[in-house]
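Asker: Sharing a structure with you now.
We did not get these values from a lab; they are worked out from the coordinates using the rules stated. Remember, predicted model here, so these are calculated numbers, not experimental data. With ideal geometry, Cβ positions are generated from the backbone for all residues, glycine too; neighbour counts draw on all protein chains shown.
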Amino acid sequence: MQTLENLLLANTVFASLTPSDLKELARLASMRTYQKEEKVILHGEVWPYLFLVGEGSMDAVKESAEGRNLLVTTFPAGQIFWGLAFFQVDAPMPVTLQTHESSRLYLWQRDAVMPILVRNGQAAWELCRLMAVRMQYASGILEGLAFQSVAGRLARLLLDHFETAGESSISRHLTLDEMAARVGSTREMVCRALYSFSDRNLIEVTRTEFVLRDRDGLTKMVG
């Protein structure tokens, strides 16, 4: 298990801190452990914290009034995120944060860590850069939801997984409900789209894996 100071040094936001401020930041952290799929903070609650994932991973989930979920993103070990109230006093959380697996988090309360960021301009700048990257990512999600069909969003998800794996086949480790949450739809629509892809011979669907048959055809579904 990496020490907190090593995790901080590996993160671009904190890597530029002076040695004394790095030690102070590590001292101020509150370490908490969570079980798989345990809620850390709910949508609508005020949560003025910055956190770093020390072990495991964290999901950010957007919930609709109808009970549907959109998995906005997953933060793996080493990444940081924040409650909106960390920057804007009393602002409610726009998403629910829950663990994707058993996880260890390090948390910093706004008032405790702000002086360190203020006196370390490079760290504050890197945090702003990270916020810009996250806004670009959120914009891409909104664009997909607004202008892509469920089939297009699902095709993009599959292509991303094939690319990450570097293989023409990927295991079916995601359930239909998890896939639906990632593309902002229902399990029934996802199931229908998967078998439509199979009927067109874009992919082969087996009990244990998806096999890519026509990358160009699946890419056209994204467009």
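Asker: Ranked highest first by average number of other Cβ atoms within 10 Å, how do 135-142, 215-222, 56-63 line up?
Answerer: The peptides rank, most packed first, as 56-63, 215-222, 135-142.
Asker: For log10 I(q)/I(0) by the Debye sum over Cα atoms at q = 0.12, 0.15, 0.17 Å⁻¹, which listed value, (1) -0.74, -1.04, -1.21; (2) -0.73, -1.15, -1.41; (3) -0.63, -0.95, -1.18, comes from the coordinates shown?
Answerer: (1)
Asker: Between rounded, prolate and oblate, where does region 148-222 land on the alpha carbon gyration tensor, with a ≥ b ≥ c its root eigenvalues, rounded for a/c under 1.5, else prolate if a/b exceeds b/c? Don't skip to the end; give the middle numbers.
Answerer: Working: a/c = 1.36, a/b = 1.18, b/c = 1.16.
The shape class here is rounded.
Asker: Ok, one more. In whole percent, what relative contact order does the chain give with Cα contacts below 8 Å and a gap of six or more residues? Numbers along the way, then the final one.
Answerer: Details: 378 pairs, mean separation 45.2, N = 223.
With pairs under 8 Å counted, the relative contact order is 20 percent.
Asker: For the pair Arg187 and Thr12, what calculated FRET efficiency results from E = 1/(1 + (r/R0)^6), where r is the Cβ-Cβ distance and R0 = 22 Å, to the nearest 0.05? Walk me through the numbers on the way to the answer.
Answerer: Details: r = 37 Å, r/R0 = 1.70.
The computed FRET efficiency comes out at 0.05.
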